[in-house]
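Working notes, structure below.
Please treat every number below as a calculation from the coordinates, not as lab data. This one's a predicted model, so the numbers in the text were calculated from it and none came from an experiment. Virtual Cβ from ideal backbone geometry, glycine too; neighbours counted across all protein chains shown.
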Amino acid sequence: MGCDTPAENLTSNVRSGRVALLVTEHLFVAPQATPEAPPAAPRQRTLDDLGTPLHEVTFVVFDIETTGGKAANGGITEIGAVKLRGGDCLGTYQTLVNPGRAIPPEITVLTGITEQMVYRAPRIEAILPSFLDFVGGDDTVLVGHNVRYDLSFTNAALERDGRARLANRSVDTLPLARRLLRDEVPNCKLGTLADRLRLSHSPSHRALDDALATGDLLHVLIERAGAMGVVGLDDLLALPTMAGNPQASKLRLTDRLPRKPGVYLFRNRSGDVLYVGKASNLRSRVRSYFSTDERRKVAQLLRETHRIDHQVCRNGLEAAVLELRLIHRHLPRFNAQGTRSSSYPYVKLTLNERFPRLSVVRKVADDGALYLGPISSARRAQRLIEAIETASPVRRCTATSTSRTAKPVCTAAQIGVAACPCSGHTSEDDYARIVADLVDGLTCDPHRLLAPLRDRIAELADEERFEEAADVRDRADALSGALRRQRRFDLLRRAGRIRFRFGAAWAELDDGRLVGWGDVGDQPSLLDLRTPLSPTDVFDDRLPPPSQTEADELLTVARWLNENAHRIELEAVDGLLAEPLPRLPSFVPRKR
């Protein structure tokens, strides 16, 4: 698996300012020249790149010898590299480099490189074009033992020469060895590993020897990692942190996971679902739980996990909806979002009373009341009521007396911020007009409620009562956000059945719920289109609020449609997919 190159071929000849580059079956000669223009920006990598099988990856294992110190003020004295793919050696590269400064005696003792040896060697500026040519494109993966050290000197030299830093991904065999071999060796020095593992090449503190030994070590580590399900480049890049996880032995549970979008389910020994999630790359995301995920409950989740199931999805919409439906069905205890939707409250305006008022309720009744919601928590629902009561004098107490001799019994009536009937000064006709304005503000003219809040914020700010202004601002934002959510609910439900295309896929919604999806051409649209409703018809007829679980899916679909609106082609709509109401403002301060 190593490179058994004859000794006379391992050293580049430096004659007449020319650097020889030896590659299998080819000899490239790079003359000294002025620096080239910086290479073009690397292309954006795809999931397929990351999931490249390891036997198809081209590795360039390299090592440099230096004058010591830091990259900013140190010099390179030798570069050695070997190119590997599929266990085969594709070529080697070696050259001495004139560092342009003195070599400390201790470095000479360590490496055997003297100033006399590098006196006639080319400077690093002349070496870089041939080394970059040997490395190849950005798809090549750089490998080293403590590769950060070698990369730091190499990138510093590139920057001084006006070139771009290396954009290649890199594999460090040092942390890999610590994770995979720590119980077999006293330390993970390259010399120790070469001796204990009986590698074909032995390091000698010379660049090419060390690169050849590191290449042998890489093959041993890849073989060991295969037992942990490491078969792709993304697996290898993440392995140093994964292998240190106490549950690393369970990485085998991810072997069957594809690098495709979909939904995954963690199950315990009894088959109960512990957690449901979605991902654009199932394998990469699930394996990240063993490495980069630092959430407190992840360790416990992995301890209890006995099986990981998955379902491949065609696109993000299908995955998002399927994830939500599975959460609603199984109520996994490690999921926070979606498992408590059945307890979402509503804000209710009791229109069936003589003096309607606002309250927080858990159920929707067929009582003619106006419901807003569902809201994600009782605290937020109460915050919403506070926002409405700041903008409207709707009553806040439970008393219904209208006697003019009655003594005010609530503070809001006493200070004149609410038209409570307990004061005895509010007629039913006056209060009916207040309620009509409130209903209009909650359904079709939100500025009836938001404008007074905006004015109050400005008034408090002018008086330098900034904490009070911030509190009113938060209330206004809560109200604006709740109305925006309500519009999303109603917009999708009034549209009826919708069919649209995006890319090579299609999807169908029915009252905002995903009912069909597939690839273009596999099923024709069979919608019977009715005459669309007019905006007046639509918004005069209030829809009953959605159920708690329906609301979760409506929001998920609406969010996806909003994020992907630029690539959606609408094919058919039963009802009306339009929003004639004025745009709702945001009260969140802009980030600078």
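Relative to one another, the C-alpha centroids of the stretch 322-389 and the stretch 436-480 are positioned 22 Å apart. Shown for Tyr346, Tyr149: other C-beta atoms within 10 Å of each C-beta, ranked fewest to most, produce the order Tyr149, Tyr346. With K and R counted +1 and D and E -1, the other residues having a Cβ less than 11 Å from that of Thr66 yield a net charge of -2.
Bridging of Lys70 to aspartates and glutamates at a Cα separation below 17 Å is possible for Glu78, Glu106, Asp150, Glu159, once same-chain residues fewer than 8 apart are set aside. Listed by chain and number, the aspartates and glutamates whose C-alpha is less than 13 Å from the C-alpha of Lys189, apart from same-chain residues fewer than 8 away, are Asp172, Asp210. Here r is the Cβ-Cβ distance between Ser204 and Arg307 and R0 is 60 Å; the resulting FRET efficiency, rounded to 0.05, is 0.75.
The length gained on full extension between Glu428 and Arg340, counted as 0.36 nm times the residue separation minus their Cα-Cα distance, comes to 27.7 nm. Here the label points at Ser152 and Arg269, each 7 Å from Cα along the C-beta direction, are separated by 4.8 nm in the simple model.
Excluding same-chain neighbours fewer than eight residues apart, the aspartates and glutamates reachable from Lys278 by a Cα-Cα span under 13 Å are Asp309, Glu318, Glu323.
P(r) tail for the stretch 81-158: Cα pairs beyond 14 Å make up 71% of the total. Computed from the alpha carbon positions, the gyration tensor of the stretch 167-288 leads to an equivalent ellipsoid with semi-axes of 34, 16, 10 Å, biggest first.
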